[in-house]
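FYI, it's all coordinate maths here, none of it is from the lab. On a predicted model such as this, the values are computed, not experimentally measured, just so you know. Please note: Cβ atoms are built from the backbone with ideal geometry, for glycine as well, and neighbour counts cover all protein chains shown.
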There are 2 protein chains.
Amino acid sequence: MPVFTIAIHGGAGTILKQDMTDEKELLYRQGLSDALDAGYNVLQKGGTSADAVRAAVCSLEDNILFNAGRGSVFGKDGHQEMDASIMDGSNLMAGAVAAVRNVRNPVELAYAIMTKSPHVMMTGSGALDFAKLHGISVEADEYFYSDFRYQQWKQMQGSDEAALDHNVKVSDDKKFGTVGAVALDINGNLAAATSTGGMTNKQFGRVGDSPIIGAGTYANNNTCAISCTGHGEPFIRAVTAYDVSCLMEYKGLSLREAMAVVVHDKLIRLDGEGGMIGADASGNVEMQFNSDGMYRGMRASDERSEVAIYK
Amino acid sequence: MPVFTIAIHGGAGTILKQDMTDEKELLYRQGLSDALDAGYNVLQKGGTSADAVRAAVCSLEDNILFNAGRGSVFGKDGHQEMDASIMDGSNLMAGAVAAVRNVRNPVELAYAIMTKSPHVMMTGSGALDFAKLHGISVEADEYFYSDFRYQQWKQMQGSDEAALDHNVKVSDDKKFGTVGAVALDINGNLAAATSTGGMTNKQFGRVGDSPIIGAGTYANNNTCAISCTGHGEPFIRAVTAYDVSCLMEYKGLSLREAMAVVVHDKLIRLDGEGGMIGADASGNVEMQFNSDGMYRGMRASDERSEVAIYK
């Protein structure tokens, strides 16, 4: 019987047990479980890996705890601009959106770009026009609002600093708010998706690695599906997600070996804090990070299952 | 004595001798020569490869013949939106800008993002704000206007089609308007830069491969500097520029062999028409394409020199 798998992440960074209340930890774990179940249910019914990662990422986007969709961080101008991407490993088709506002589920817009347009990447208000044309749900600013994110932004407003963090109490308390999923379906097809609200107080239309195919997201049935979370700039410069694929394809490394090279060597050399989740066509799942913690989880048809936060 | 080299391109596609007048061909060749000289002069004086590719790309952006900077194509809404990127192979630093308006030399903005911000990629009006803050030249819409591009757009306006072409007479007459440069300096440092006005009549904030680090542009002293031109979507899906680097680093291929795999095999399988220029640290320069023609040229300190258009 073919194995199917799904893995998700909800961001990485300075996530320490001592900063967490039991109640908050329970909510994060529940959010991760719910997203895993959403994706797993698609796979269990024989659905595609692309539909499974969409379902899992939508669940995380809808959860106000995670920095993607509802609950995204605020930019310097007080708006929430979001980035997302998706890639189908069966045909190397991809869709991505950068700096879009008011789209309820940016991953659904990325999927529509992949399946309903000749393009891969759209940006800004033009991307929103495309969303409306294709019936993608759009919400008023209030929908995305969370008091927690608003207070984070208020603390930084007026400064030129942008925070990579969920918490901005201290500058070395780095949390990279991103969500993502990778999946293998019963037909052996891999897919990956990533979504984020970016950095608190970001300006100048800054875009990180999440909407960049090859950096934040990559999928290819011959190698792996990868979704990254971390300090976006080094991840772009390292072409992180595709690098794992190349180490497997050209150097013969396993998924685990390839991810270890990228996460624990290549990214470190570029000060690239964060992590990634990966799946291959044999049913292997890896979740690796070089930060203190990464919200993460996986579930497979052979009963493997895990939800974790800390190292 | 150390070798230094520069190569440039001004777009690829259905560029046929029978469609060209002698006068027009002369102008294109002169434009390519001028850009080569601008970059070569920087290298000859001991300048960096990053400065050389900036100089060459600025020359092509300033030339109304090429689809980048002045003379960029018109989008569906009648505006000219431009994309550019640059990467320094000595430190893997990179800068990129997508969907920006009114910036005279988008490659200079990409360079400012690389050297004067903690970010890699900026988009839209936010990127223009950053440009103004850092004294990057901004021009009124009229500066970018060319009658030739305007007529191209007028022919397509009202349709939902976007043209990948310089000419839109027939749908299979594909020309991918992009400019780019790669260089090796006397200190053995590689750099690459790419700039484009994108597709005629483009809409929805569509972005191609030119501003995507790893797709349109990549540079790493250990392997190569690459700038691509072609149908942007397959180039993004193939992570084209970084793929050449990985084939060299992980599989031990030469620059020529690696580019041949990507241009004549991998891209073909994704319907990816176009080409690329590349340089390595040993002074090798390659210009390969799978289309009918590619505006291109190279010059090296050991007297190698070439300007060419057709296959």
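If I model a spin label at B:R304 and A:E257 as a point 7 Å from the Cα along the Cα→Cβ vector, what separation in nanometres do I get?
Rounded to a tenth, the inter-label distance reads 3.4 nm.
Compute the Cα gyration tensor for the stretch A:121-163, then decide on rounded, prolate or oblate, letting a ≥ b ≥ c be the square roots of its eigenvalues: rounded whenever a/c is under 1.5, prolate when a/b is larger than b/c in the other cases, and oblate in all that remain.
Since a/c reaches 1.5 but b/c is at least a/b, the shape of the stretch A:121-163 is classed as oblate.
Rounding to the nearest 20 debye, state how big the charge dipole of the protein assembly as shown is about its Cα centre with +1 on each Lys and Arg Cβ and -1 on each Asp and Glu Cβ.
20 debye
How about chain B: what cysteines have no other cysteine beta carbon under 4.7 Å from their own?
Result for chain B is B:C58, B:C224, B:C228, no neighbouring Cys Cβ within the cutoff.
From the P(r) of the protein assembly as shown, could you give the percentage of C-alpha pairs in the tail past 32 Å?
Percent of Cα pairs beyond 32 Å in the protein assembly as shown: 42.
Given A:K132/B:K202; B:K17/B:K311; A:K17/A:K175; A:K154/A:K311, which pairs have Cα atoms separated by over 19 Å?
Check vs 19 Å cut-off fails for A:K154/A:K311.
Once you compute Rg and the Kirkwood Rh from C-alpha atoms, what is the Rg to Rh ratio for the stretch B:185-311?
Rg/Rh for the stretch B:185-311 comes to 0.96.
Would you pull out the residues with amide H under 5 Å of A:G75's amide H, same chain only if 5 or more places away, H placed 1.01 Å from N?
Placed amide hydrogens put A:Q80, A:E81, A:N201 under 5 Å from A:G75.
Given labels modelled 7 Å from the Cα in the Cβ direction, how far is it in nm from B:N222 to A:T115?
Here the answer is 3.9 nm between the modelled labels.
Using only the alpha-carbon atoms, what does the stretch B:199-263 span along each of its principal axes? Please give whole angstrom values in decreasing order.
Principal-axis extents of the stretch B:199-263 (Cα, largest first): 41, 20, 14 Å.
For the stretch A:5-310, just say rounded, prolate or oblate: build the C-alpha gyration tensor, square-root its eigenvalues into a ≥ b ≥ c, call rounded for a/c under 1.5, and beyond that prolate if a/b exceeds b/c, oblate if not.
Since a/c stays below 1.5, the shape of the stretch A:5-310 is classed as rounded.
Suppose you put the label 7 Å out from Cα in the Cβ direction; list, shortest first and in nm with one decimal, how far A:M1 is from each other copy's label.
7.3
Per the helix-only calculation at 222 nm, which mean residue ellipticity applies to chain A, given -39500 (n - 2.57) for every DSSP H run of n ≥ 4 and division by its residues, nearest 500 deg cm²/dmol?
That calculation yields -9500 deg cm²/dmol at 222 nm.
Compute the orientation-averaged projected area for the stretch B:1-40 from the convex hull of its Cα atoms and round it to one decimal in nm².
3.7 nm²
Taking amide hydrogens as modeled 1.01 Å from N in the peptide plane, which residues meet the under 5 Å criterion relative to B:N220, leaving out close sequence neighbours?
Amide H neighbours of B:N220: B:A225.
What nm distances, shortest first, do you get from the label point of A:S282 to those in the other copies when the point sits 7 angstrom along Cα to Cβ?
Result, one decimal in nm: 3.4.
Please list the helices of chain A that count as membrane-span-like by this rule: a mean Kyte-Doolittle hydropathy of at least -1.0 together with Cα atoms stretching 27 Å or more along the helix axis, each helix being a complete DSSP H run.
A:22-44
Tell me, what does the Kirkwood hydrodynamic radius of the stretch A:79-227 come to in angstroms if you use every pair of distinct C-alpha atoms?
About 15.9 Å, per the Kirkwood formula over Cα pairs.
Give the residue from A:G78, A:G283, A:F66 lying farthest towards the positive end of the charge dipole for the stretch A:5-310; charges sit on Cβ (+1 for Lys and Arg, -1 for Asp and Glu) and the dipole is referred to the Cα centre.
A:G78
List the distances, in nm to one decimal, from the label point of B:V261 to the label points of the same position in every other copy, shortest first, placing each label point 7 Å from Cα along the Cα-to-Cβ direction.
1.2
What ³J(HN,Hα) values, in whole Hz, does the Karplus curve 6.51 cos²θ - 1.76 cosθ + 1.60 give for the stretch A:220-237 when θ = phi - 60°, with x put for Gly and Pro?
7, 3, 6, 10, 6, 10, 9, 10, 9, 8, x, 5, x, 4, x, 5, 5, 4
How high is the FRET efficiency between A:S33 and A:S125 when r is their beta carbon distance and R₀ equals 30 Å, given to the nearest 0.05?
0.25
What are the trypsin sites (Lys or Arg not before Pro) within the stretch B:34-128 that DSSP puts in a loop, where the Cβ has at most 13 other Cβ atoms within 10 Å?
B:K45
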